[in-house]
Amino acid sequence: MTPTRKKRLTLVGLIVLGVSAATVVAITALQDNMMFFVTPSDVYAQTLPADRQIRLGGLVADGTVSRDPDSLAVTFGVTDGAHDVMVSFNGILPDLFREGQGVIAHGFLDDSGTFQAHEVLARHDETYMPPEVMRALEKAGHPTEANMPL
Amino acid sequence: MIRMLLPLIVFAGLLVLLIFGLRTADQREIVQSPLVGKPVPEITLPGLNDPETTYSTAELIGEPYIINVWGSWCWACREEHPYIDRLGREAGVPLVGFNWKDEREDALRWLNRFGDSWSFHMVDFEGRAAIDLGVYGAPETYLVDHRGVIQHKHIGPIDATVFEDLMRRIVQMRAEADS
Amino acid sequence: MIAEFGQVSLILALVLAVLLATLPLYGAYRGSDTLMRLAPSLVIGHFVFLAAAYVALSVAFLNHDFSIANVALNSNLLLPWYYRLTAVWGSHEGSLLLWMLMLGGWMLAVVAFSRTLPREFLTRLLSVMGIVSIGFLLFTLLTSNPFDRILPGPTDGQDLNPLLQDPGMIVHPPLLYMGYVGFAVAFGFAIAGLLGGKVERDWVRWARPWTLAAWSFLTAGIALGSWWAYYELGWGGWWFWDPVENASFIPWLVGTALLHSQAVTEKRGSFPAWTVLLSIAAFSMSLLGTFLVRSGVLTSVHAFAHDPDRGLFILIFMAVITGAALLLYALRAPRIMTGPGFDWMSRETMLLINNVFFAVSAAMVLLGTLYPLLVEFMGWGQISVGPPYFGAMFILLMTPIVILLPLGPFTRWKQDEVMRLLRPLAASAAVAIVLGLIISAALGAWNLRAITGWIGGIWVMAGAVAWAVRQWRGTRSGLALHQWGMTLAHFGVGVFLIGVAMVESMTFERDMRIAPGQTVEAAGYEFTLHEVAQVKGPNWRAEEARFTVNRNDREVARMNPQKRLYHRGGQVMTQVALRPGITRDLYIAMGEELDPASGAWSIRIHIKPFVRWIWGGAALMTLGGLISAGDRRYWRRRRAESRRADTAEVPA
């Protein structure tokens, strides 16, 4: 084996080693940062991954939104038609948050069965929109209020 | 040689994944329509042309039908209207209009202008019944079979491809109902 | 009429693209000069028809031709003329047309500026780009025709989304497309090189300025998108690791690796196969980005966002283009595998490290972006990957890059001594550590991220300056353009780093409830809300909060964020109030009215230190790339160059 070849082989070996290490780290990081998407029915069926951030999706149940008059705290029910889950949130709700609207909440389920959200995104507008715009909007949790009755 | 083929192999794997993604894109809506495969909730609502008449989903059990959610404010409903026309003519099952969050005057003017191919309309101006039905937007189209079970839900306007897909499903539902 | 004119132009452009992809290529294969000579004329015709189609659509927008579906959907009678012109690329169909116009433009530029290329090579290059154009023309004509009619046409159209009625959003997509499409040129060079088999070293030099230009556009496009999201979306973030953003970031990472590997291949002849592979990858990732954004595969969480037909088409197109390119690579690359050897301590090694880290970063972003799909494929459920994954991976992968970056330019090709390197950079390192600590302390940014950010940033900036100074002293003629460009771009990396470190570690952010007359204190600033007033704009009305901001009892700003309701379409938009500054931005966004009785609103206040440095750094990188691309060295006459290269650098 010539010195050049040997050097090249070592180099390739080092790169392979480094890339494998990076892959292992990446997979671990991925596992830590995965958020499962669940519906209220999944919450009832108790099929929740424990101790994890989850994304809860559904519609804001009618007549369930209640605000604390002195702070930004708010609670509301999220329903998928079959079951409801209470969500508690402290912060600014997206522009389009309202009853009957689709929402996604990021957070975790506490012992009392209330979903503690640290982020709430409203979903779906009421009419068709170009995908790019939809995404831009939804990225920021700002879906648009589509044409309201004139 | 194998080494040189490696990028191609990786790329092929990526393609498989993307094809899968494309095939299942339909099913990956965020709020999985919880009612698909479940019976239509019993909804009783007044008519559009005939406010005194009430229509109920319970009366419709026995044959397949279509529910189409629309509103005069909804631009995409205009876009899908030619296909609604065709559904009304070709589907051979009742086509129920679900007029959502609209005003009677606007809705009637709209129908006057674009044509009314629906069998009849139920009106839900407040949008309360729509929540039971699981409506997230307009237009939406539901296919309900003769047992009153929601078989399919399409979100967004109907285009040529969707129309064909819907027709295929409708024919299937009719065949089931007849057998 | 205008729609039919546009449609016919597109079809004619397709015909010319088909001719371009076949006849001259066959000519190059058979050595027929006549057929090869066709290529430049075909390119010109191709561009003219694309331009005609584009103008046709623009005219339709200007004239309110609502019988064209695309116009009706994206424009209305109230829209001012300049937004009507930019609305052309506000939709999927129109933006594709712009994509193709740019591809045509790049091809035209290749014809104009590459007269010095060997005819066979130029012909193959243009034919490959013609093939790419065929794919996009077919895509447009078959699945996304911008000239589709709706009859009867409505009397008025839908509004262009208010989010898009903004200067930042007008320039962002074209720049991004310029970058994406620009990589098609590098791709064309690589494939033409593979097809020829003989010129594997020379094509890299010719490809470099094109790659640099494409990369610069992409950098500017991404930075503008980030800036736009920052001030328009009202969320205060500058990067979200959203799949759509990742779709543009992956090609950027691959492109950055490509720029650096091209340098090695051009100068030394090492890693030629790797450079070819990166050229293929950069363009393939651009296609993948287009696919991800337009097919809804990843973001199909949004009910309306998907169009499987379009997705399928791009996927097939990508399979054909990339698959064929990789197959050709597998067949031809073994022939060009060898490069001259080099020592451990050499510029080659430095650039190799750069390449490994950038390529791995691209792979990591791709993995994180596609992981939800993989998990679902395996039947493990529906998941999404949170931004912390990307953040953690990036800190890990970029740290070595930052440490080694100033060393790279100082290192000699082939072989070098560690000690020779350390001397000139010891001063930079000392300056970076001392200055970094002092500044962090002075700013009160006494945390690990801010301190390392400052030290790293100054290290990179000082290293770039030190190199330029040494180069300046060592040569009589001063720095060449490409050296200026490199210095500027590397300096920009330092600026960017400081911005990111400060924003990520020192941002003050709070949601609060505030009623008129109240004052809240935030990080040394006092925000007083005086009133919430009703205001009107041309096509919206809004609630406007009137704030004054004081610091040390002196008024520093009056800020008026708004909550707008657009009349047409009834869309609600948060209009943030921004007070930009070199060392900090003040940022207020309105939430919602909490209590009509007291007039209390929920308000989000951000104080973002050094956030402008993020885009400033990106601007420097862009400028550096463009300056480098303009270096005469890449454009010199071919014969003298290739002859010299042949005699001087034939490997032993």
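The values are calculated or read from the model by the stated rules, or taken from the named source; none is laboratory data. A quick note: this is a predicted structure, and the numbers were derived from the prediction, not measured. Glycine also receives a Cβ, built like all others from the backbone with ideal geometry; neighbour counts cover every protein chain displayed.
Computed values, structure above
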quantity	calculated
Matching residues in the stretch C:318-333 - criterion: being touching a residue at least 60 places away in the same chain (Cβ under 8 Å) and facing chain B (nearest Cβ under 7 Å)	C:TYR329, C:ALA333
Residue identified as in contact with a Leu (Cβ under 7 Å, 6 or more places away or on another chain) and of a type outside the set (A, V, I, L, M, F, W, C) among C:GLY6, C:GLY31	C:GLY6
Residue satisfying condition, being touching a His at 6+ places or on another chain (Cβ under 8 Å), within 14 Å of chain A (Cβ to nearest Cβ) and not aliphatic (A, V, I, L, M), within set C:THR574, C:THR548	C:THR574
Filtered residues of the stretch B:139-179 (kept if in contact with a helix residue (DSSP H, G or I) (Cβ under 6 Å, 6 or more places away or on another chain) and farther than 13 Å from B:ILE66 by Cβ)	B:PRO157
The stretch C:583-599, residues that are away from chain A (no Cβ under 11 Å), buried (at least 16 other Cβ atoms within 10 Å of the Cβ) and over 11 Å from C:TRP235 (Cα atoms)	C:ARG584, C:ASP585, C:LEU586, C:GLY599
Of all residues making up the stretch B:101-115, the number that are surrounded by 18 or more Cβ atoms within 10 Å (Cβ to Cβ) and either farther than 22 Å from B:LEU133 by Cα or at pLDDT 85 or above (or both)	3
Subset of the stretch C:590-632 [closer than 30 Å to C:THR528 by Cβ, charged (D, E, K, R) and in contact (Cβ under 8 Å) with a residue 40 or more places away in the chain]	C:GLU593, C:ASP595, C:ARG604, C:LYS608, C:ARG612
Subset of the stretch C:508-517 (residues that are modelled with pLDDT of 90 or more and either hydroxyl-bearing (Ser, Thr, Tyr) or loosely packed, with under 15 Cβ neighbours inside 10 Å (or both))	C:ALA515, C:GLY517
Residue within the stretch C:530-546 that is surrounded by 18 or more Cβ atoms within 10 Å (Cβ to Cβ) and in contact with a Ser or Thr (Cβ under 8 Å, 6 or more places away or on another chain) present	no
Number of the condition not met by A:SER88 [criteria: (1) outside any loop (DSSP other than H, G, I, E, B); (2) more than 8 Å from chain C (Cβ to nearest Cβ); (3) crowded, with 21+ Cβ neighbours inside 10 Å; (4) at pLDDT 75 or above]	(3)
Any helices (runs of 4 or more DSSP H) falling wholly within the stretch C:331-423 and containing at least 2 residues that are within 30 Å of A:ILE104 (Cα to Cα)	C:347-377, C:387-404
Residue list for the stretch A:55-83, filter: surrounded by fewer than 19 Cβ atoms within 10 Å (Cβ to Cβ) and part of a strand (DSSP E or B)	A:SER66, A:ARG67, A:ALA73, A:THR75
Segments classed as helices (runs of 4 or more DSSP H), wholly inside the stretch C:1-106, with at least 1 members that are in contact with a Cys (Cβ under 9 Å, 6 or more places away or on another chain) and at pLDDT below 90	none
Sole residue being aliphatic (A, V, I, L, M) and touching a residue at least 12 places away in the same chain (Cβ under 8 Å), chosen from C:MET398, C:MET378, C:MET419	C:MET398
Residue match in the stretch C:510-532 (condition: at negative phi, within 14 Å of another protein chain (Cβ to nearest Cβ) and of a type in the set (Asp, Glu))	yes
Residue count, the stretch C:427-460 (criterion: exposed (fewer than 14 other Cβ atoms within 10 Å of the Cβ), in a helix (DSSP H, G or I) and over 31 Å from the mean Cα position of the chain (by Cα))	6
Options C:VAL276, C:VAL204, C:VAL264: the member that is under 21 Å from C:ALA325 (Cα atoms), within 14 Å of another protein chain (Cβ to nearest Cβ), touching a Gly at 6+ places or on another chain (Cβ under 9 Å) and at pLDDT below 95	C:VAL276
Residue count, the stretch C:92-120 (criterion: under 19 Å from the mean Cα position of the chain (by Cα) and within 14 Å of chain A (Cβ to nearest Cβ))	5
Answer residue from the stretch B:94-132, given it is more than 8 Å from chain A (Cβ to nearest Cβ) and of a type in the set (Val, Ile, Thr) and is nearest to the chain's Cα centre (by Cα) among those	B:VAL96
Candidate set from the stretch C:368-426 (those that are more than 7 Å from every other protein chain (Cβ to nearest Cβ), β-branched (Val, Ile, Thr) and farther than 30 Å from C:MET486 by Cα); member that is nearest to the chain's Cα centre (by Cα)	C:THR369
Filter result for the condition that a residue is under 19 Å from B:ARG86 (Cα atoms), within 14 Å of chain A (Cβ to nearest Cβ) and out of contact with any Pro (no Cβ under 8 Å at 6 or more places or on another chain), over B:VAL171, B:VAL162, B:VAL135	B:VAL162
Which numbered condition C:ALA213 misses (of (1) surrounded by fewer than 24 Cβ atoms within 10 Å (Cβ to Cβ); (2) within 14 Å of chain A (Cβ to nearest Cβ))	(2)
Some residue of the stretch C:629-642 being buried (at least 20 other Cβ atoms within 10 Å of the Cβ) and at pLDDT 85 or above	yes
